[in-house]
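Novice: Supplied in structure tokens, the structure appears directly below.
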Amino acid sequence: MPDRPNIILITAEDLGPRVGFMGDAVAITPNLDRLASQSVQFNRAFTTAGVCSPSRAALITGAHQTTIGAHNMRTSSYGENMDEGAPYRAVPPPDVKAFPELLRAARYFTVNDFKTDYQFGNAFTVWDRNTKGADWNDRGSGQPFFAMINHEVTHEGRTWPPDTDLALHPVVARRNPLNAQIDAGKNFALTDPASVEIPPYWPDTPAVRANLARFYDNIRVMDGQVGALLDRLEDEGRFADSIIIFTTDHGDGLPRHKRTIFDSGTHVPLLVRFPDGFGAGTQRGDLVSFVDLAPTILDWAGVTIPEYIQGRRLFDDPAPDAIFMAGDRFDEVPQRFRGVREERWHYIRYFSDQPVIPSLGYQNVNPIMRELRRLHADGGLTPLQASYLEGAAPREFLFDTQADPEEVRNLAGDPRYAEIQRRLSARLETWVEESGDMGRIPERDLVARIWPNGVQPRTAPVRACLNANGKVLLASATKGASIGYGGAEGQTLLYTRPVEALSRFKSKAVRYGYMPSPVAEIDPAEIGPCTG
């Protein structure tokens, strides 16, 4: 493998292990199955949250969203349909950086197509290119690249029929035309609703079967899109010089999956393909957390792994015997729950009084969710199905995932498992304390701490001086600020070392979660020597 390989991270949205290479007999995913045959396959990979923004915050930083204050989904909706609050951006600790920025500082060319959604804003210092259709072909000669390419066709909102009632939610009017476009491109035999498997926590009705079948059709579309990308990569020679990763941002975008930390909400596929064929076709069962991706990628690139990163290198460090996940506010519904997952046992504790599936406007558009609520009103659900909608969630869940892979038999409170429950409860409490879980802070107090008086702080301006070698040093008084320079907006290049400049240039700084600084005009002929 090259010392500084290209690295390509392909993601899909809202998709658990509902793919052929993980044993799903209904899923038609020939392109991903082919990639799997050439890759190391991780069968126990889990996200840190069952919803996109907190999960993506953890992925991009290598630190749990609860540690960096990016745990509430989503910060921009705080106060929307709520009794308190106003939109804000998370402000991670000053030393925390998105790992693509660290790659960029190491002279990698970083590309994102196109989703970010990290909760702390789109800092201009993270990516060289960040737009729909961005690629790596205008990088410097011989420059390695990191690319993150997202596929959204499996997203929760893409599985609604294009004739969904506009009155259900304001976003439906935007989704319906897009979903009609997706349907128009399905040039294959659609999934037979009779062929899908209905889990016991959903009612087995035509509406449920039809929506799940539609989801499988979208998965097939996504597989075709990934296949087209893989063909392009192979034609460009990327199979010979790049590490290729495939995963998703959390479990299925379906009720009792998304927005939970049951396995159905956090278990995801993960493939890693090496250009030299290392481990091709092998399967691994060690526990993987989303915080492991950042240190693994940084290590491949030869970049020092920062101390704040909470994950491990997947191919070099010992596997943990437990991983952790969390859920907090989802849009307008405040919640808080935490979980610890061992190879066999899965323990979840709830700290709020919402049902397992609260009434949340966006999720209520989903056809399966509507069917659940319709049957619940009519008394047509089983006790298990109704339990997810009624009253407060149990304070504790304990599952034996070997005997009960669908996690429908709660063993918490059973004397036969009391010791296991106590052990995992203590383990979770230790993690909450040691990880600095910011979910213990009420959101209004957290916002007051990071955005005083509800006003977004602004990054301090860039200041410049000349070092003893006549090069320009740049700095901002804002702790944790990153600095760009060059170009019309002062953000074309990432500042990592003194600049040798013979003429005027522009510069700008930003701390994650803050407003960028004003653009500064730097004239080497007019600035003084550095002091102190």
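The values are calculated or read from the model by the stated rules, or taken from the named source; none is laboratory data. Please read all numbers here as calculations on a predicted model, not as lab measurements. Ideal geometry is used to build each Cβ from the backbone, glycine not excepted, and the neighbour counts take in all protein chains shown.
Residue-by-condition table, conditions (1) in contact with a Pro (Cβ under 7 Å, 6 or more places away or on another chain); (2) surrounded by 24 or more Cβ atoms within 10 Å (Cβ to Cβ):
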position	(1), (2)
ALA57	no, yes
GLN65	yes, yes
HIS71	yes, yes
MET82	no, no
ALA86	no, no
PRO94	no, no
ALA105	no, no
ASP117	no, no
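Novice: Would region 413-434 turn up any residue that is at pLDDT 95 or above, in the same structural domain as ARG256 (by TED's automatic domain parsing) and in contact with a Pro (Cβ under 9 Å, 6 or more places away or on another chain)?
Specialist: There is at least one residue in region 413-434 that is at pLDDT 95 or above, in the same structural domain as ARG256 (by TED's automatic domain parsing) and in contact with a Pro (Cβ under 9 Å, 6 or more places away or on another chain).
Novice: Something else now. Conditions: (1) in contact with a Ser or Thr (Cβ under 7 Å, 6 or more places away or on another chain); (2) within 21 Å of ARG370 (Cα to Cα). THR154 meets all but one. Number of the miss?
Specialist: Just one mismatch for THR154, condition (1).
Novice: Go through VAL26, VAL19, VAL40 for me and flag whichever is at pLDDT 95 or above and either surrounded by fewer than 18 Cβ atoms within 10 Å (Cβ to Cβ) or basic (Lys, Arg) (or both).
Specialist: Exactly one of VAL26, VAL19, VAL40 is at pLDDT 95 or above and either surrounded by fewer than 18 Cβ atoms within 10 Å (Cβ to Cβ) or basic (Lys, Arg) (or both), namely VAL26.
Novice: Also, quick follow-up: I need the full set of residues from region 197-216 which are surrounded by fewer than 20 Cβ atoms within 10 Å (Cβ to Cβ), in contact with a helix residue (DSSP H, G or I) (Cβ under 9 Å, 6 or more places away or on another chain) and not aliphatic (A, V, I, L, M), in order please.
Specialist: GLU197, PRO199, PRO200, PRO203, THR205, PRO206
Novice: Another one. Need a quick list: helices (runs of 4 or more DSSP H) entirely within region 170-267 having at least 3 residues that are without any contact (Cβ under 8 Å) to a residue 40 or more places away in the chain and of a type in the set (A, V, I, L, M).
Specialist: 172-184
Novice: Now a separate question. Looking at the structure I just gave you, is LEU502 modelled with pLDDT under 95 and either in contact with a Phe, Trp or Tyr (Cβ under 7 Å, 6 or more places away or on another chain) or of a type outside the set (D, E, K, R) (or both)?
Specialist: Considered against the rule, which asks whether it is modelled with pLDDT under 95 and either in contact with a Phe, Trp or Tyr (Cβ under 7 Å, 6 or more places away or on another chain) or of a type outside the set (D, E, K, R) (or both), LEU502 comes out as yes.
Novice: Still on this structure, please answer the following. For region 290-311, how many residues meet the condition of being under 21 Å from TRP431 (Cα atoms) and either in contact with a Lys or Arg (Cβ under 7 Å, 6 or more places away or on another chain) or crowded, with 23+ Cβ neighbours inside 10 Å (or both)?
Specialist: 7
Novice: If a residue must be over 24 Å from ARG409 (Cα atoms) and in contact with a Leu (Cβ under 7 Å, 6 or more places away or on another chain), how many such residues does region 248-287 contain?
Specialist: Summing the residues that are over 24 Å from ARG409 (Cα atoms) and in contact with a Leu (Cβ under 7 Å, 6 or more places away or on another chain) in region 248-287 gives 3.
Novice: For residues that are in contact with a helix residue (DSSP H, G or I) (Cβ under 9 Å, 6 or more places away or on another chain) and farther than 21 Å from ARG4 by Cα, tally how many sit in region 231-258.
Specialist: Counting residues in region 231-258 that are in contact with a helix residue (DSSP H, G or I) (Cβ under 9 Å, 6 or more places away or on another chain) and farther than 21 Å from ARG4 by Cα gives 13.
Novice: Please determine whether any residue of region 413-433 is outside any helix (DSSP H, G or I) and either surrounded by 14 or more Cβ atoms within 10 Å (Cβ to Cβ) or not charged (D, E, K, R) (or both).
Specialist: Checking region 413-433: at least one residue is outside any helix (DSSP H, G or I) and either surrounded by 14 or more Cβ atoms within 10 Å (Cβ to Cβ) or not charged (D, E, K, R) (or both).
Novice: Which one of these is in the same structural domain as THR159 (by TED's automatic domain parsing), crowded, with 19+ Cβ neighbours inside 10 Å and within 30 Å of PRO206 (Cβ to Cβ): TYR347, TYR362?
Specialist: Sole residue among the options that is in the same structural domain as THR159 (by TED's automatic domain parsing), crowded, with 19+ Cβ neighbours inside 10 Å and within 30 Å of PRO206 (Cβ to Cβ): TYR362.
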